[in-house]
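Notes follow the structure.
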Amino acid sequence: MADVTLGEIVTFSNGRSRPAEGSAYRTYGANGVIGTAGDFNAGPHSTIVGRVGSYCGAVHYSAEPSWVTDNAIIAAPKEGVNPRYVYYLLTRLDLNRYRIGSGQPLLTHGILNRLTTGRLTRARQDAAASVLGALDDKIAVNDRIAACGDELIRARYASSGARGAIRIGALGDLVRAGVPAGRIGHGENYIALEHMPKRHMWLSTWSDASGVTSAKRRFASGDILFGKLRPYFHKVGLAFVDGVASTDILVVRPKDPAHRGWLLAALASDEVVAHASAIGDGTRMPRAKWPDIAAFQIPWPGTTRARAFNDFVTPLAARVQAATSETRALTALRDTLLPHLIP
């Protein structure tokens, strides 16, 4: 198979700062979607590559027109090249390893243009993009299921009309089961703050504990994890697996399983996160304390309505958990196929 340079099949251009105000288009930075804009500077089916900083070389795909900031590079296919193939090709090349600079890593057009890859026929490009794209499309559907479940629970909680009040500590206990590094199996599930998405109540990402070198906290499936370090990042979610968590995470277990749904919605609410942020100790690295969170008063609809709310949350959580398991399997399959379909 003859080689071809990226510059022969892809046109690279820098993004621009200051997108026009609006919400018609997504705005991409080096780390993915960061907001919206009223205009676009990247056409449909563009690949976005992180240009500078810690996300240098990260690759994203946008089927729709979008605005790309100057922290990223727009990669557009040249005539006759499958657009989605370009995305998978750049993902396959692991672009971060070609960065220059140490303090502020950087990728340039010159570096990208000179990289070489095997020349695939359009038919092979289409076949690879079709298989890999179908897997990613199903993963995207699962992501939307999770997002919709999150939004439904928040909306139901906000519109509950609960007139009573109750302390968070009356519904949940802090789990203090610490475990030294030497007693953590390498195959155990591990959740750190970087695994927890912002303002998203499902914890669908974790790693194995093989790299753990310090003491952690045990948690169980069904526990609620609350990021106490810089709580304004709003990292709160339901655990789908057993495992160990960073000590920068509070592990909260409902006193009554029938109140799990209400406790989850409350801890993940903007009001509780704002309170935790306001009372956190420290300036540069504030940390929330469980006694302060436990004492906070939240709306309470009464036991009967709280149980009914949990009956609403439980099947949604089960559906998201199933989607999470499927996504992990699909992701593993995609990553296994990628180097075979795009050698």
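With R₀ set to 45 Å, the beta-carbon distance separating residue 221 from residue 64 gives a calculated FRET efficiency near 0.80. The Stokes-Einstein estimate for segment 82-152, based on a Kirkwood radius over Cα pairs and taken at 25 °C with 0.890 mPa s viscosity, is a diffusion coefficient of 165 µm²/s.
Dividing the convex hull volume of the alpha-carbon atoms in segment 139-188 by its residue count gives 116 Å³ per residue. Backbone phi angles across segment 94-110, fed through the Karplus curve with coefficients 6.51, -1.76 and 1.60 (θ = phi - 60°), yield HN-Hα couplings of 6, 5, 4, 6, 9, 5, 10, x, 10, x, 9, x, 8, 10, 10, 4, x Hz in residue order; Gly and Pro are listed as x. Think of a 1.4 Å ball rolled over the protein heavy atoms: the chain then has 48 Å² of accessible area per residue.
When all protein chains stay in place and ligands, DNA and RNA are ignored, the 1.4 Å accessible-area order of 23, 207, largest first, is 23, 207. When restricted to Cα atoms, segment 1-128 yields an Rg and a Dmax of 14.3, 47 Å, respectively. Rolling a 1.4 Å probe over the protein heavy atoms leaves residue 148 with an accessible area of roughly 70 Å². DSSP beta bridges fully contained in segment 1-128 are about 90 percent antiparallel. Full extension of the chain between residue 271 and residue 114 yields a length gain of 51.4 nm, computed as 0.36 nm times the residue separation minus the alpha carbon distance. Taken along the Cα-to-beta-carbon direction at a fixed 7 Å, the label points for residue 4 and residue 144 span 3.2 nm. Computed from Cα positions, the angle between helix 83-92 and the longest principal axis of the chain comes to roughly 70 degrees.
When Rg and the Kirkwood Rh are both derived from Cα coordinates, the Rg/Rh ratio for the chain amounts to 1.02. Remark: accessible surface ordering of 210, 62, 54, 204 (largest first) is 54, 210, 204, 62, probe radius 1.4 Å.
Each principal axis of segment 201-287 carries a Cα extent, and these read 35, 34, 20 Å when sorted largest first.
I need the shape label for segment 80-123. Rule: rounded when a/c is under 1.5, else prolate if a/b > b/c, else oblate, with a, b, c from the alpha carbon gyration tensor. Prolate, since a/c reaches 1.5 and a/b exceeds b/c. Cross-linked pairs 138/216; 235/255; 78/198; 255/289: Cα-Cα separations exceed 28 Å for 138/216; 78/198.
Shape summary: segment 208-343 maps onto an equivalent ellipsoid whose semi-axes, from the alpha-carbon gyration tensor, are 30, 22, 13 Å in decreasing order. On the chain, 51 percent of the accessible area sits on carbon and sulfur atoms, based on a 1.4 Å probe.
Only protein heavy atoms count here; under a 1.4 Å probe, residue 340 has an accessible surface of about 130 Å². Working from label points 7 Å from Cα in the Cα-to-Cβ sense, the residue 134 to residue 331 distance is 2.2 nm.
Ignoring everything but the protein chains, give the 1.4 Å probe accessible area of residue 173 in square angstrom, nearest 10. Looks like 70 Å² after rounding. Helix content alone sets the calculated 222 nm mean residue ellipticity of the chain: runs of n ≥ 4 DSSP H residues at -39500 (n - 2.57) each, divided across all residues, give -11500 deg cm²/dmol. Net length available on complete extension from residue 76 to residue 284 is 70.8 nm, with 0.36 nm assigned per residue and the Cα-Cα distance removed.
Could you calculate the contour length gain from residue 312 to residue 163, that is, 0.36 nm times the residue separation minus the distance between their Cα atoms, to one decimal place in nm? Length gained, residue 312 through residue 163: 51.7 nm.
Mind checking the angle between helix 122-158 and the chain's longest principal axis? C-alpha axes, 0 to 90 degrees, to the nearest 10. Approximately 20 degrees, to the nearest ten.
Put 260, 18 in order of accessible area, highest first, and with a 1.4 Å probe you get 18, 260.
Taking amide hydrogens as placed 1.01 Å from N in the peptide plane, the amide H of residue 68 sits under 5 Å from those of 16, 28, 41, 42, each at least 5 positions away in sequence or on another chain.
Global size of segment 58-112: 12.2, 39 Å for Rg and Dmax (C-alpha atoms, Rg to one decimal, Dmax whole).
The values are calculated or read from the model by the stated rules, or taken from the named source; none is laboratory data. Keep in mind that this is a model prediction, so the values were computed, not measured. Every residue, glycine as well, gets a Cβ built from its backbone with ideal geometry; the counts of neighbours run over all protein chains shown. All accessible areas refer to the heavy atoms of the entire protein, side chains included, with ligands and DNA or RNA removed. Shrake-Rupley method; radii C 1.70, N 1.55, O 1.52, S 1.80 Å.
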